[in-house]
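The values are calculated or read from the model by the stated rules, or taken from the named source; none is laboratory data. Keep in mind that what you see is a predicted model, and the values were worked out from it rather than measured. Glycine also receives a Cβ, built like all others from the backbone with ideal geometry; neighbour counts cover every protein chain displayed. These accessible areas exclude ligands, DNA and RNA; they are computed on the full protein's heavy atoms, side chains included. Shrake-Rupley method; radii C 1.70, N 1.55, O 1.52, S 1.80 Å.
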Amino acid sequence: MTVKSDTFFTDVTRNFENAGKYLKLPDGLLEQIRVCNSVYRFKFPVKTENGYEVVSAWRVEHSQHKLPTKGGIRFSEHVDEDEVMALAALMTYKCALVDVPFGGAKGGVKIDPRKYDEEQLQRITRRYAAELIKKGFIGPGIDVPAPDYGTGEREMAWIADTYSAFNPGQIDASGCVTGKPLSQGGIRGRREATGRGVFFGLREACDQAEDMKALGLSKGLAGKRVVVQGLGNVGYHAAKFLREAGAVLVGLAEYEGAIADPRGLDLEKVMTHRRDTKSILKFPGATDLKTAEALTLDCDILVPAALENQITIENAADVKAKIIGEAANGPVRSDADQVLRGRGVLIVPDVYLNAGGVTVSYFEWLKNLQHVRMGRLGKRFTETATNQLILTIEKSTGKTLSESEKLKLMAGPDEEALVNSGLEDTMIEAYHEIREVWKRHKGVDMRTAAFITAIDKVAQSYIELGVFP
Ligand code: GLU
């Protein structure tokens, strides 16, 4: 195959091919799944105080075996076509692993968002959305973007509004994008979803006594020493939930530097310190380090939650963690992956571990199509029915529950509770599906097992469509 060496998409392809060897599929099907189906590259002008600037942008739809396609939009000066292609491909496998019925896609705008004010960012985002609309690369049944590195709820609201303006009267218009603010059709729990999913995935990994024993670690998250690189939406929430479950944050890294404290860092205090001083450095009681040094700190679990290509052949040998939880997409290069695997490090792969975001995006999309908040119809009904049941039991047993016990039992599910339990169930189910494949194929790592599982699901979908015999 003629793929350029040393690119992100090449790495994804390498992982794909490693997994493909374990699957017996009709000729051409693997190739059809591997390639990016549609790559839309475009440029548009944006007016700044220095005159007009020409911005490069992309939307890649990797696989349309299920529609809509789905994936975030990245605003970063490092965005290029190869990166967007790789990220779009990862989205296909990610959706398949967590049984979210979408194909994979990704968007990118090559800008450093920190260099623009809010008004300029709004113009760029709306123009980007308009370009997608013109070419049919967005729509609730076509392709549904979401936040990614450098974008968030604000940008998603601008996209939804632009789409609605171009499609007046389209009743499902708000389903054209997810990760929106609550007032614009967003869903409770989406902001925390990727980080929460990372936590559920790592908790599941640590709860497998046999796998932990093989790493020389005890079962469970409590007491595990964790380093998190990147305190954006994903890294911050992953760190928060891991800490709440008893893990000890011994190192935290951001682009200005890293801090370490073997006694454990108080995440909220670090965040306040960063807000006040514009840096995580000089946090009382902690040691200052360079950003990259955080990756080689002594710890049990390393969570790279920033960008791709963080653990490379240069620093892989110095990584001391026994578990790497890939919260970011593609943080471990494939040559580094081999070094780490050789040393028995357990890598919980990105395609699985950060799938919480798209899982809750799926719930948001369902909410938009249903035009009703989850739990709205059933909450009070469940509460009344449970209350009746409690009263009956109390009457027949002669025992009475305290008011607080009663309230706890009675509470009907609201949107947030449903989203979080749906996410928890999804992450646990997917973990065991992958683990079963991992254990069944001797000598295979968890990433390959995840790819085998995902490719097999996409392949079945093509076969059932009748596209391949
Ligand atoms: N950008 C996120 C990801 O890489 C979320 C995608 C989505 O919600 O569609 O998984």
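Spatial offset of the range 26-85 relative to the range 438-456 amounts to 28 Å, using the alpha carbon center of each. Give me the percent of the accessible area of the chain that comes from carbon and sulfur atoms, probe 1.4 Å, all protein chains in place. Carbon and sulfur: 52 percent of the exposed surface of the chain. If Lys and Arg each add +1 and Asp and Glu each add -1, what is the summed charge of the other residues whose beta carbon sits under 15 Å from the beta carbon of Gly216? Residues close to Gly216 contribute a combined charge of +3. DSSP finds beta bridges in the range 242-399, and of those with both partners inside it, around 55 percent are antiparallel. Each listed q (0.07, 0.08 Å⁻¹) maps to a log10 I(q)/I(0) for the chain, found by the Debye formula over equal Cα scatterers with no solvent: -0.38, -0.49. For the range 308-320, the Karplus equation 6.51 cos²θ - 1.76 cosθ + 1.60, evaluated at θ = phi - 60°, returns couplings of 6, 6, 8, 10, 10, 4, 5, 10, 4, 5, 8, 5, 9 Hz by residue, with Gly and Pro reported as x. Surface analysis of the range 353-442 yields an accessible area of 60 Å² per residue, using protein heavy atoms and a 1.4 Å probe. Bridges between two residues of the chain, per DSSP, are antiparallel at a rate of about 50%. For Gly71, the residues whose modelled amide H falls within less than 5 Å of its own, excluding neighbours fewer than 5 places apart on the same chain, are Ala105, Val144, Ala146. By the compact-protein rule of thumb, 2.2 N^0.38 Å, the alpha-carbon radius of gyration of the range 61-130 corresponds to a ratio of 1.23. The relative contact order of the chain, computed from alpha carbon pairs under 8 Å that lie at least 6 residues apart in sequence, is 15 percent.
Counting only DSSP beta bridges with both residues in the range 188-271, what percent are antiparallel, rounded to the nearest 5? If I count the DSSP bridges inside the range 188-271, around 45 percent turn out antiparallel.
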